[in-house]
Amino acid sequence: MGFLSALRSVKIGKKLVFMNGYPYPFNFNKGNSFFRSLHTGAAALYLFSMLVMALIFTHPLYLLGLSLAIVLAAALAGGLKDLESFMKPGIVMVLLIMGINLLGAGSGETVLWRSPLLPFFGRAVFTLEALCFGAAMGIRLLAVLGIFFLLNVMVHPDRLLRAMSLSASKSALVVSLALRLLPGTARRLDGIREALIIRGVVVGEGRFKERAQKYMLMLGNLLAFSLEDSFTLAEAMEARGYGGYGKKGRSLYRRERIRPRDVLIGGCAVLALLLSALAVNTGAGSFSYYPRLAELVSSPETLYFFSGIMFFLLVPLFVGWGWDRWHYLKSKI
């Protein structure tokens with residue numbers, strides 16, 4: 001049983017129209033069809049492995065390689081322009097992180113600049129180590145944002161909630177209702193405002209007391225509609241037998257098949273995750289920023305682990321690239 005219907009969002013001018021109660025800012029139905037054909041678990045496992053890598057790695061080489069994989073995946077999914085707009089606030093945060101770390105750290109042996117003596121603050125010391133550490137943490141932040149963007153364009157929220165509902169149906173229902181709450185209320189409020197305007201009641205005009213009365217009228221109608229919608233939802237759930245399936249378990253309208261491509265993507269994700277854990281445990285995935293920057297490639301193991309991780313991250317992307325180009329490959333996996 002799906003909790004949200006699969007409809008694309010529509011933009012009118014600069015206003016995002018809410019479809020079925022929730023905004024859908026990125027178009028899932030464009031780009032390479034390989035990602036849409038993946039099992040929800042395989043796609044989520046691939047993205048989860050990338051998220052773990054972004055959180056455990058401090059080495060800039062690994063963080064840059066992970067960022068490259070994210071950009072290539074976004075390009076393959078047809079969301080490169082959306083990724084650019086999605087990352088603009090993140091870039092501002094990265095610059096802010098770098099500036100705060102550069103001003104507040106004050107540690108490191110490679111001094112770039114010392115400020116004159118300032119009252120109450122002393123001297124501000126800008127070091128190369130603080131600048132590089134702030135840049136690396138900024139790249140990590142952008143990687144995490146990019147992974148959540150890929151989750152939006154690679155895994156449809158309906159399928160993700162459906163997968164959640166298999167083991168936690170009540171939690172999935174609460175999440176779906178929460179996703180509908182704010183945009184559904186905003187859409188209902190717009191409808192009430194338009195109905196009042198048609199009847200000659202212009203909200204926001206008049207004296208303070210008149211405006212307050214109009215807003216109270218809107219809120220009263222909104223409360224009545226919300227209660228009516230809750231009763232309708234409860235009746236629909238009861239009619240579909242929600243919560244009354246007993247020991248046999250809930251029925252499924254759609255079942256996702258596990259295909260060879262899902263096993264391939266999931267296997268690559270697990271192997272990349274295992275190599276990442278080994279790299280961190282052996283020190284090949286770690287990097288020392290203080291008191292002096294370490295060498296970027298301090299040992300051959302660093303390149304070995306990096307090459308292996310990038311191989312398992314990029315194999316799914318190459319398979320997806322050939323998905324729409326070779327029908328033989330599509331028929332086999």
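Test each condition in (1) part of a helix (DSSP H, G or I); (2) modelled with pLDDT of 80 or more; (3) over 15 Å from the mean Cα position of the chain (by Cα); (4) surrounded by fewer than 18 Cβ atoms within 10 Å (Cβ to Cβ) for T58 and report the one that comes out false.
(1)
Any residue at all in segment 113-120 that's at pLDDT 70 or above, over 28 Å from the mean Cα position of the chain (by Cα), farther than 30 Å from L72 by Cα and part of a helix (DSSP H, G or I)?
Checked segment 113-120: no residue is at pLDDT 70 or above, over 28 Å from the mean Cα position of the chain (by Cα), farther than 30 Å from L72 by Cα and part of a helix (DSSP H, G or I).
Please find, within segment 125-159, the residue that is surrounded by the most Cβ atoms within 10 Å (Cβ to Cβ) out of those that are in contact with a strand residue (DSSP E or B) (Cβ under 7 Å, 6 or more places away or on another chain) and outside any helix (DSSP H, G or I).
So, considering only residues that are in contact with a strand residue (DSSP E or B) (Cβ under 7 Å, 6 or more places away or on another chain) and outside any helix (DSSP H, G or I), the one surrounded by the most Cβ atoms within 10 Å (Cβ to Cβ) is T127.
Residues that are over 30 Å from L131 (Cβ atoms) and at pLDDT 85 or above, at least 3 per element: which helices (runs of 4 or more DSSP H) completely within segment 248-333 meet that?
Helices (runs of 4 or more DSSP H) meeting the threshold: 260-282, 300-323.
Filtering segment 264-282 down to residues that are over 13 Å from I309 (Cα atoms) and either touching a residue at least 12 places away in the same chain (Cβ under 8 Å) or touching a Cys at 6+ places or on another chain (Cβ under 9 Å) (or both), which residue is surrounded by the fewest Cβ atoms within 10 Å (Cβ to Cβ)?
Filtering segment 264-282 for residues that are over 13 Å from I309 (Cα atoms) and either touching a residue at least 12 places away in the same chain (Cβ under 8 Å) or touching a Cys at 6+ places or on another chain (Cβ under 9 Å) (or both), the one surrounded by the fewest Cβ atoms within 10 Å (Cβ to Cβ) comes out as T282.
Go through segment 132-191 residue by residue and tally those that are modelled with pLDDT of 85 or more and either under 30 Å from S230 (Cβ atoms) or of a type in the set (G, A, S) (or both). Let's see the steps before the verdict.
Within segment 132-191, the subset modelled with pLDDT of 85 or more is 132-151, 188-191.
Among the residues that remain, those that are also either under 30 Å from S230 (Cβ atoms) or of a type in the set (G, A, S) (or both) are: 134-136, 138, 143, 146, 151, 188-191.
Adding up the residues that qualify gives 11.
Being under 19 Å from A54 (Cα atoms) and in contact (Cβ under 8 Å) with a residue 60 or more places away in the chain is the filter here; which residues of segment 306-333 pass it? Even if it seems obvious, please write down each step before you answer.
First, pick out the residues of segment 306-333 that are under 19 Å from A54 (Cα atoms): 306-317.
Once the filter is applied, which keeps residues that are under 19 Å from A54 (Cα atoms) and in contact (Cβ under 8 Å) with a residue 60 or more places away in the chain, segment 306-333 yields F306, I309, M310, L313, L314, P316, L317.
What pairs come up if the first residue lies in segment 84-105 and is farther than 12 Å from M137 by Cα and assigned by TED's automatic domain parsing to the domain that holds L128, the second is assigned to a helix (DSSP H, G or I) and among the polar types (S, T, N, Q), and their beta carbons are under 9 Å apart, counting only those six or more places apart or on different chains?
Close Cβ pairs (under 9 Å, with a partner that is assigned to a helix (DSSP H, G or I) and among the polar types (S, T, N, Q)) amount to F86/N152.
Among (1) modelled with pLDDT under 90; (2) not in a loop (DSSP other than H, G, I, E, B), which single condition is S5 missing?
For S5, the exception is condition (2).
Taking the stated definitions as given, is L38 over 15 Å from the mean Cα position of the chain (by Cα), closer than 30 Å to E256 by Cβ and touching a residue at least 40 places away in the same chain (Cβ under 8 Å)? Before you say what the answer is, go through the steps one by one.
On the way: over 15 Å from the mean Cα position of the chain (by Cα): yes; closer than 30 Å to E256 by Cβ: yes; touching a residue at least 40 places away in the same chain (Cβ under 8 Å): yes.
So L38 passes the test.
Name the single residue that is farthest from S276 (Cα to Cα) among those in segment 61-103 being within 17 Å of the chain's Cα centre (by Cα) and among the polar types (S, T, N, Q).
Of segment 61-103, the ones within 17 Å of the chain's Cα centre (by Cα) are 66-91, 93.
Cutting the leftovers down to among the polar types (S, T, N, Q) gives us 67, 85.
Details: S67: 15, S85: 30 Å.
Residue satisfying both the conditions and the ranking: S85.
Got a number for residues in segment 200-219 being surrounded by 10 or more Cβ atoms within 10 Å (Cβ to Cβ), among the hydrophobic types (A, V, I, L, M, F, W, C) and assigned to a helix (DSSP H, G or I)?
Adding up the residues that qualify gives 5.
List pairs: first residue in segment 122-135 and farther than 9 Å from T110 by Cβ, second residue of a type in the set (K, R) anywhere in the structure, Cβ distance under 8 angstrom, at least six positions apart or on different chains.
These pairs meet every condition: R123/R114; A124/R114; V125/R114; F126/R114.
The values are calculated or read from the model by the stated rules, or taken from the named source; none is laboratory data. Owing to the predicted nature of the structure, the values given are computational and were not obtained by experimental measurement. Neighbour counts are summed over all protein chains in view; Cβ atoms, including those assigned to glycine, are modelled from backbone coordinates with ideal geometry.
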